[in-house]
Amino acid sequence: MQWTRDDRPRRITLISTGGTIASRWQGTGYAADASGDDVLATSALPEGVAVEVVDLFNVNSSRMTSARQLTLLRAVHAALADPGVDGVVVTHGTDTLEESAFFLDLHHSDPRPVVFTGAQRPLGTGDGDGPGNVYDALQVAASVRDLGVLVVFDGRVHAARGTVKTQTLAADAFADPSEQGLGKVGFGSVDIRRSPDRPTPLPLPVAGLTPPRVDLVMHHSDGDPLFLKTSVAAGAQGVVLVGTGAGNATPEIAAAVADAVSQGTLVALSTRVPAGPVAEIYTGGGAVDLVAGGAVPAGTLRAGQARMAVLATLLSDVTPDRRPALLHGLLNGPARPEPALTAAGSRFAGGS
Ligand code: ASP
């Protein structure tokens with residue numbers, strides 16, 4: 001579907017949080033220090049679009065925290081409380097952009113868009129990608145509806161769900177390795193090819209909650225349950241186990257998962273492989289045993305976003321016994337038709 005705008009002027013709120021797009025040289029390296037107005041001043045504005053800037057934080061996004069993500073969620077909702085606002089753009093560091101965007105998407109029930117963007121090259125450099133990304137993000141925010149939270153980068157439009165940073169330095173920094181992007185933006189138009197799969201949005205978390213500790217633990221050859229057990233002992237209410245292959249570990253780790261779940265820890269199971277779903281194929285410490293022990297498979301979501309789903313579940317007001325079911329829905333989205341059987345009768349075409 002092609003989105004073109006009528007002549008009505010549009011009002012967009014730009015929330016600035018830092019990142020490379022706001023970064024300048026500090027003598028030894030780059031760090032975020034520019035205001036939202038400075039970031040906006042680098043970009044042309046799409047015709048008919050007026051922008052109001054909110055300076056929320058000024059951090060490089062490897063310093064993002066759950067508390068800041070909750071503040072950002074509330075800032076977006078505050079901006080959209082004004083019915084005259086047509087959409088929101090969030091400028092954000094690319095390192096954890098996928099986490100904040102997905103956390104907001106899980107709580108976004110408004111038809112107006114929230115569009116995340118950033119840059120791979122710092123402010124004020126002749127070859128910078130920030131100005132074009134800001135222009136495109138404003139254009140998308142002024143044009144589309146009913147698509148949830150989006151990531152606009154290097155002329156591409158992505159759904160927040162499933163989209164991850166796939167390049168450390170290149171301008172085309174984001175993709176969903178398991179799914180096609182939503183569309184593209186350029187030459188004054190926004191082309192959207194598909195609707196994102198989104199579960200029913202959660203209500204805003206109750207104000208004043210202290211975010212719980214949620215850890216990531218990655219499996220690898222030689223991996224043992226030490227970090228999982230340490231995480232639970234440190235008070236983690238949630239853990240994402242990042243398995244090998246289609247979500248596998250060892251019998252010892254499967255026992256530690258079952259133990260953690262029996263103590264009330266919410267455990268999600270993701271994979272360190274870049275693309276494809278977690279799948280219950282292997283026993284002997286594989287996903288079959290991890291899921292039997294209470295780990296919730298993360299579908300095609302990668303670790304950072306699976307962690308956001310665990311965090312959102314723990315911040316929701318559902319009772320602890322209903323958390324695994326809620327988490328399953330947040331991780332896997334609305335039910336899709338079962339994939340067709342392969343010739344061998346397996347639902348899974350690939351190996352581990
Ligand atoms: N380290 C930076 C950040 O995430 C990278 C970027 O913004 O592109 O803030």
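The values are calculated or read from the model by the stated rules, or taken from the named source; none is laboratory data. In this text the structure is predicted, and so the values were computed from the model without any measurement. Cβ placement follows ideal geometry from the backbone for every residue including glycine, while neighbour counts extend to all protein chains displayed. Just so you know, the surface numbers come from the protein's heavy atoms only, side chains and all, with ligands and any DNA or RNA stripped out. Shrake-Rupley method; radii C 1.70, N 1.55, O 1.52, S 1.80 Å.
Which residue fluctuates the most in the chain, going by a Gaussian network model with Cα springs under 10 Å, if the choices are ALA234, ALA142, ALA173? Most flexible of the set in this elastic network: ALA234. Rounded to the nearest Hz, the phi-derived 3J(HN,Hα) couplings of the range 160-165 under the Karplus curve 6.51 cos²θ - 1.76 cosθ + 1.60 (θ = phi - 60°) are 4, 4, x, 7, 10, 6, where x marks glycine and proline. Expressed in units of 2.2 N^0.38 Å, where N is the residue count, the Cα radius of gyration of the range 166-271 is 1.46.
With a 10 Å radius around each residue's Cβ, average the other Cβ atoms per peptide and rank 244-255, 108-119, 315-326, 278-289, highest first. The partial results should precede the final answer.
Values: 244-255: 21.5, 108-119: 23.8, 315-326: 14.2, 278-289: 19.8.
So the order, starting with the most tightly packed, is 108-119, 244-255, 278-289, 315-326.
Explain nothing, just the number: relative contact order of the chain, from Cα pairs under 8 Å at least 6 residues apart, as a whole percent. Display every interim value, and only then the final one.
Values: 802 pairs, mean separation 48.1, N = 352.
Taking the mean separation of contacting Cα pairs over the length of the chain, I get 14 percent.
May I ask for the net charge around PRO199, where only other residues with Cβ less than 10 Å from the Cβ of PRO199 are counted and Lys, Arg are +1 while Asp, Glu are -1? Mind showing how you got there, number by number?
Values: positive: ARG161, ARG198; negative: ASP105, ASP197.
Residues close to PRO199 contribute a combined charge of 0.
Summing Lys and Arg as +1 and Asp and Glu as -1 over all other residues whose Cβ lies under 13 Å from the Cβ of TYR30 gives a net charge of 0. Note on THR125 and SER62: their simple-model spin labels are 1.6 nm apart, each label 7 Å out from Cα toward Cβ. Counting only alpha carbon atoms, the long axis of helix 303-315 and the longest principal axis of the chain meet at about 90°. Put ARG11, ARG272 in order of accessible area, highest first, and with a 1.4 Å probe you get ARG272, ARG11. Extension gain for MET218-GLN180 works out to 11.0 nm (0.36 nm per residue, less the C-alpha to C-alpha distance). For the pair ALA292 and PHE187, label points projected 7 Å from Cα toward Cβ lie 5.7 nm apart.
Two-decimal Rg/Rh of the range 59-108 from alpha-carbon positions, Kirkwood Rh?
Numbers: Rg = 11.1 Å, Rh = 11.4 Å.
Across the range 59-108, the Cα-based Rg/Rh ratio is 0.98.
Over every Cα atom in the range 92-188, the radius of gyration and the widest Cα-Cα span, Dmax, amount to 12.5, 39 Å.
When both the range 146-189 and the range 1-64 are represented by their alpha-carbon centers, they are found 17 Å apart. The shape of the chain can be summarised by an equivalent ellipsoid whose semi-axes, obtained from the alpha carbon gyration tensor, come to 36, 22, 20 Å from longest to shortest. Volume per residue for the range 1-101 equals 119 cubic angstrom (convex hull of Cα atoms).
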